[in-house]
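Data block below; observations after.
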Amino acid sequence: MLVLAGQANEAEATAVSDEIVAAMNAQPERYAFVVVMDLAGVPEFGRGLSVAIVRERLEREDQLLAARLEQGGQTFKPPLRLQLPDWSGQATRFWLAAIPEAGYAVFRAPEGHTRFERDRLRRERQRLRSEVQVFVLDEKHELKAQYVGRSAGARAIEAMRTLQPHSPAALGNLQ
């Protein structure tokens, strides 16, 4: 499972991520959870502070999720989880360009020749970047499903449950 998150959708991405991790808590060995954090707007001098803030927020979210699961009689079992900062925005753009829907063609389009075209592309890309994106990949890292927005968590959970359990060796190949 891969989630694209950024400053514009932090609260929504956190809610979707928590929903997925809580629903899959009984079987954390069935999946790896990767968050690509679009931090392209963070200046180089602020990166260290940004990493510390993100780490603190993730730890706090884990504590809140663990407490919520304990109230429901479960023990929190975190999955294999990777948080990858995307300082240049290129990883985020790669995943968005991979979405076959027509609206995402703006990530595959050339920059445009006129200022108007460039501004229109920039606005449309920013609008799409501000939405939470969830990608479900199989053991071979092939895209099986992609969802957008607040409902992405529930839909991704359904898709995850239809996939065959992975082998631990497959996670070692995650790139």
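Taken together, the values in this text are just the output of simple stated rules run on the coordinates, not laboratory data. Since the model is a prediction, treat every value here as computed from it, not as a measurement. As a convention, Cβ positions derive from the backbone with ideal geometry for all residues, glycine included, and neighbour counts pool all protein chains shown.
Brief remarks on what is shown
- Answer residue from segment 40-98, given it is farther than 26 Å from residue 124 by Cα and among the aromatic types (Phe, Trp, Tyr) and is surrounded by the fewest Cβ atoms within 10 Å (Cβ to Cβ) among those: 45
- Residue in segment 99-121 that is surrounded by 11 or more Cβ atoms within 10 Å (Cβ to Cβ), at positive phi and more than 14 Å from the chain's Cα centre (by Cα) present: yes
- From 21, 16, 36, residue being in contact (Cβ under 8 Å) with a residue 40 or more places away in the chain, β-branched (Val, Ile, Thr) and outside any helix (DSSP H, G or I): 36
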